[in-house]
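Peer 1: Pasting a structure below so you can have a look.
The values are calculated or read from the model by the stated rules, or taken from the named source; none is laboratory data. None of these values were measured; they are calculated from a predicted model. For neighbour counting, all protein chains shown are included, and Cβ atoms are generated from backbone atoms with ideal geometry for every residue, glycine included.
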Amino acid sequence: MELKENERIDDLEYKGLKIIQNTNYFCFGIDSILLSDFARDIKKDSNIVDIGTGTGIISILLSKKVNAKKIYAIEVQKEIADMASRSVELNNLTDKIEIINDNIKNIKNHLDNNSINAIVTNPPYKKQNTGIKNDNINKLIARHEVTANLEDFISYGSKLLKDQGSFYMVNRPERLSEIMCLFNKYKIEPKKLRLVYPKINKESNLILIKGTKNAKPFLEIQKPLIIYNEDNTYTDEILKIYNKK
């Protein structure tokens, strides 16, 4: 496959999967890897929507981690959606993954309400007027709520979900209260929560949360997930997630 300027092919080191990345755009991080593992309990033959797929990393990993019927990966940026589409082709997954180049706010033009079994999303963590902004518009959109905000991701995701469908998200701990309120507003019951820590003696810097549409209240707080040992090597659990143990 011919690559464009500044593009490279990275080996995901999982079942032969590869992905195209571009240094001019936002490259995926460990948060996407952790979310794809957190969502491994998605049921067989599910229809899945990946909101804000970026390079397509979560959809590509889930294609092998869960036996999904179809994965619809939504990406608002044309150049990045094109790159994700070529990654899908590179992995021979065109029958499994469909890239939709559009804003989540326009999803009714592509998919019906109450038609999806599971939502996965790694949304922009920063509100539009907070944090340090990047001059690169592609990276700005990936990190800040420029084209859609957290409520858009949750509200439109909820509309897509069937009754008892599941919503999986990775985000920052400081937004947990807002997530819980929005889940409640759009009839998504929090069911599973896991806090991620860079090291055992550091504060949490990521959360993994699962909610279920129109479910009964019951929230499981899972044991903490620690990324690094004191010597800066990956913990055994992270090595297992990366398929290296």
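Peer 1: Please pick out the residue among Phe183, Phe167 that is over 16 Å from Pro224 (Cβ atoms) and either assigned to a strand (DSSP E or B) or at pLDDT below 95 (or both).
Peer 2: On the way: Phe183 fails: either assigned to a strand (DSSP E or B) or at pLDDT below 95 (or both).
The unique qualifying residue is Phe167.
Peer 1: Shifting gears a bit: From the list Lys15, Lys44, which one is at pLDDT below 95, under 29 Å from Lys213 (Cα atoms) and either more than 16 Å from the chain's Cα centre (by Cα) or of a type in the set (Lys, Arg) (or both)?
Peer 2: Working: Lys15 fails: under 29 Å from Lys213 (Cα atoms).
Going through Lys15, Lys44 in turn, the sole match is Lys44.
Peer 1: Quick one: what pairs do we get from region 67-87, first residue within 10 Å of Ile99 (Cβ to Cβ) and among the polar types (S, T, N, Q), second outside any strand (DSSP E or B) and at pLDDT below 95, C-beta under 7 Å, 6+ apart or different chains?
Peer 2: Ser87/Thr55
Peer 1: Do you know which of the residues in region 85-97 that are crowded, with 17+ Cβ neighbours inside 10 Å and in contact with a helix residue (DSSP H, G or I) (Cβ under 8 Å, 6 or more places away or on another chain) is farthest from Ser63 (Cα to Cα)?
Peer 2: Within region 85-97, the match that is farthest from Ser63 (Cα to Cα) is Ser87.
Peer 1: While we're looking at this one, here's another question. With the condition kept exactly as written, say whether any residue in region 200-214 is surrounded by fewer than 16 Cβ atoms within 10 Å (Cβ to Cβ), of a type in the set (Val, Ile, Thr), farther than 24 Å from Leu61 by Cα and more than 18 Å from the chain's Cα centre (by Cα).
Peer 2: Yes - at least one qualifying residue is present in region 200-214.
Peer 1: Specify the residue that is surrounded by the most Cβ atoms within 10 Å (Cβ to Cβ); the eligible residues are those in region 1-48 that are of a type outside the set (Gly, Ala, Ser), in a helix (DSSP H, G or I) and out of contact with any Lys or Arg (no Cβ under 8 Å at 6 or more places or on another chain). First the steps, then the outcome.
Peer 2: Restricting attention to region 1-48, the residues satisfying the condition of being of a type outside the set (Gly, Ala, Ser) are 1-15, 17-28, 30-31, 33-35, 37-38, 40-45, 47-48.
Those left that are additionally in a helix (DSSP H, G or I): 30-31, 33-35, 37-38.
With out of contact with any Lys or Arg (no Cβ under 8 Å at 6 or more places or on another chain) added as a condition, the list becomes 30-31, 33-35.
Numbers: Ile30: 16, Asp31: 20, Ile33: 19, Leu34: 20, Leu35: 24.
That would be Leu35.
Let's see how each residue does on (1) within 17 Å of the chain's Cα centre (by Cα); (2) of a type outside the set (D, E, K, R); (3) at pLDDT below 95; (4) buried (at least 19 other Cβ atoms within 10 Å of the Cβ):
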{"residue": "Ile100", "(1), (2), (3), (4)": "yes, yes, no, yes"}
{"residue": "His110", "(1), (2), (3), (4)": "no, yes, no, no"}
{"residue": "Asn117", "(1), (2), (3), (4)": "yes, yes, no, yes"}
{"residue": "Val120", "(1), (2), (3), (4)": "yes, yes, no, yes"}
{"residue": "Pro124", "(1), (2), (3), (4)": "yes, yes, yes, yes"}
{"residue": "Gln128", "(1), (2), (3), (4)": "no, yes, yes, no"}
{"residue": "Ile141", "(1), (2), (3), (4)": "yes, yes, yes, yes"}
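Peer 1: Another question about this same structure. I need the full set of residues from region 217-237 which are in contact with a strand residue (DSSP E or B) (Cβ under 8 Å, 6 or more places away or on another chain) and surrounded by 13 or more Cβ atoms within 10 Å (Cβ to Cβ), in order please.
Peer 2: Leu219, Leu225, Ile226, Ile227, Tyr228, Tyr234, Thr235, Glu237
Peer 1: Take Ser59 and tell me if it is touching a helix residue (DSSP H, G or I) at 6+ places or on another chain (Cβ under 6 Å), modelled with pLDDT of 95 or more and hydroxyl-bearing (Ser, Thr, Tyr). I'd like the intermediate steps shown before the answer.
Peer 2: Working: touching a helix residue (DSSP H, G or I) at 6+ places or on another chain (Cβ under 6 Å): no; modelled with pLDDT of 95 or more: yes; hydroxyl-bearing (Ser, Thr, Tyr): yes.
So Ser59 fails the test.
Peer 1: Determine if region 8-25 includes at least one residue that is aromatic (Phe, Trp, Tyr) and more than 17 Å from Leu161 (Cβ to Cβ). If you could, list the steps in order and put the result at the bottom.
Peer 2: At the first step, the residues of region 8-25 found to be aromatic (Phe, Trp, Tyr) are 14, 25.
Then keep just the ones that are more than 17 Å from Leu161 (Cβ to Cβ); that gives 14, 25.
Yes, region 8-25 contains a residue that is aromatic (Phe, Trp, Tyr) and more than 17 Å from Leu161 (Cβ to Cβ).
Peer 1: So, Ile221, is that one among the aliphatic types (A, V, I, L, M), under 19 Å from the mean Cα position of the chain (by Cα) and under 18 Å from Phe38 (Cα atoms) or not? I'd like the intermediate steps shown before the answer.
Peer 2: Working: among the aliphatic types (A, V, I, L, M): yes; under 19 Å from the mean Cα position of the chain (by Cα): no; under 18 Å from Phe38 (Cα atoms): yes.
The answer is no for Ile221.
Peer 1: How many of the residues in region 7-54 are among the charged types (D, E, K, R) and in contact with a strand residue (DSSP E or B) (Cβ under 7 Å, 6 or more places away or on another chain)?
Peer 2: Within region 7-54, the first condition is being among the charged types (D, E, K, R), and the residues that meet it are 7-8, 10-11, 13, 15, 18, 31, 37, 40-41, 43-45, 50.
Those left that are additionally in contact with a strand residue (DSSP E or B) (Cβ under 7 Å, 6 or more places away or on another chain): 7-8, 10-11, 18, 31, 43, 50.
Matching residues across region 7-54 total 8.
Peer 1: Can you say whether Glu75 is surrounded by fewer than 21 Cβ atoms within 10 Å (Cβ to Cβ) and not aromatic (Phe, Trp, Tyr), as far as the supplied structure shows?
Peer 2: Details: surrounded by fewer than 21 Cβ atoms within 10 Å (Cβ to Cβ): no; not aromatic (Phe, Trp, Tyr): yes.
No, not satisfied.
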